[in-house]
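Below you'll find the structure, written out as structure tokens, and then a few comments.
What follows draws every value from the coordinates through simple rules; no lab data is involved. No experiment lies behind these values; they were computed from the predicted model shown. Using ideal geometry, Cβ is built from the backbone for each residue, glycine included, and neighbour counts are taken over all protein chains shown.
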Amino acid sequence: MRFTLRQLEVFLAVARSESVSRAAQELGMSQSAVSGALSDLEQQFDVQLFDRIGKRLRLSALGRSLRPPGEALEERARELEQALSSRSAAGPLRIGATLTIGNYVAMPLVARFLREHPGARVKLEIGNTAEITRRVQNFEIDVGLVEGELRESELRVTPWCDDELVVFCAPAHPFAGKPALDDHDLLAASWIVREPGSGTRQAFEHAMRGVLSELEIRLELPHTEAIKSAVEAGMGVGCVSRIAVAEAFRHGSLVPCRVPHRDFRRQFFFALHEEKYLSASIQSWLELCSRWPAEAREGARPNA
């Protein structure tokens, strides 16, 4: 073999960060060592893997074509290292989850995964749908758990489970005493919603088709808990996943509002890179999520 796994590791780290300095930091190497390993690899095969643009490195056409099989080879090498070390069959796992899933669903699943695979290492990153999508595309995370619809050609997106949004208000709000809301009520409300780029915002806009442009969006916030706090303070009406407000509904600090003529149903999805190698860890994680019992999905009741 004319290249080493270390050279491959350097190539992939630089590809992910487009920076020798950041790759060096990730790998615990000096910048000169990273530059040398990359230069040696290119010279060995008389190829150019990156286009140099100022201080940034961008993958060349050849580099882009080699990256997916390189990522797969690196993943297989990690599995072999796990087996040789006689440790858990499950190697490192990098999970990305959107805010609703990350804050209300993912942690119990991670805990169960670690119980079933002692010694496994899991890294959970939380962001909105746009951020998780970008990181999956860049091979920075292995599996994305997202709540927004994706159409990127590089991704393999498969349905995971059902969810729904719910409109809610404070107990003292005039909507709290109404049996149901109509479009006149929706247009009269001051809305506190998630930011553009989030799956929850995407689902909200889909449900509000026909009146969306006329709604008064008072606040856009990047965190569900902030939206709940603002609604509790009487600042307006919110709309987030029922999972996120189930506990507040039980305690009475927030009140659900029925909007029977609007469809707030949506799905959660798995998102993986189309050319991602499915390691034993990834397969075990997907299997665990797929058998997640319906009764554990708090608030997954239809919007009657």
Check your understanding: Per 20 Å bin, what is the whole-percent P(r) computed from every C-alpha pair distance within the chain?
Key -> 30, 46, 22, 2
Check your understanding: By a straight-distance test (C-alpha under 21 Å), which lysines pair with residue 276 as possible cross-link partners, with residues fewer than eight away in the same chain excluded?
Key -> 123
Review point. Reachable aspartates and glutamates from residue 178, Cα under 12 Å, same-chain residues fewer than 8 places away excluded?
Key: none
Review point. What is the distance, in nm, between label points placed 7 Å from the Cα along the Cα-to-Cβ direction at residue 64 and at residue 212?
Key: 3.0 nm
**Study point:** Reciprocal of mean inverse Cα separation for segment 5-84 (Kirkwood radius, Å)
**Key:** 12.9 Å
Point to revise | Value of [θ]222 nm, deg cm²/dmol, for the chain, DSSP H segments ≥ 4, -39500 (n - 2.57) each, nearest 500 | key: -12500 deg cm²/dmol
Check your understanding: Which whole-number percentage describes the relative contact order of segment 163-265, with Cα contacts under 8 Å and a sequence gap of 6 or more?
Key -> 49 percent
**Study point:** Placed amide H near residue 155: partners under 5 Å, 5+ positions off or other chain
**Key:** 274
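What ranking of 143, 157 emerges when the number of other C-beta atoms within 10 Å of each C-beta is taken as an exposure proxy, fewest first?
Neighbour counts put them in this order, fewest first: 157, 143.
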Practice item. Using a 10 angstrom cutoff on alpha carbons, build the Gaussian network for the chain and name the most mobile of 214, 71, 149. Key: 214
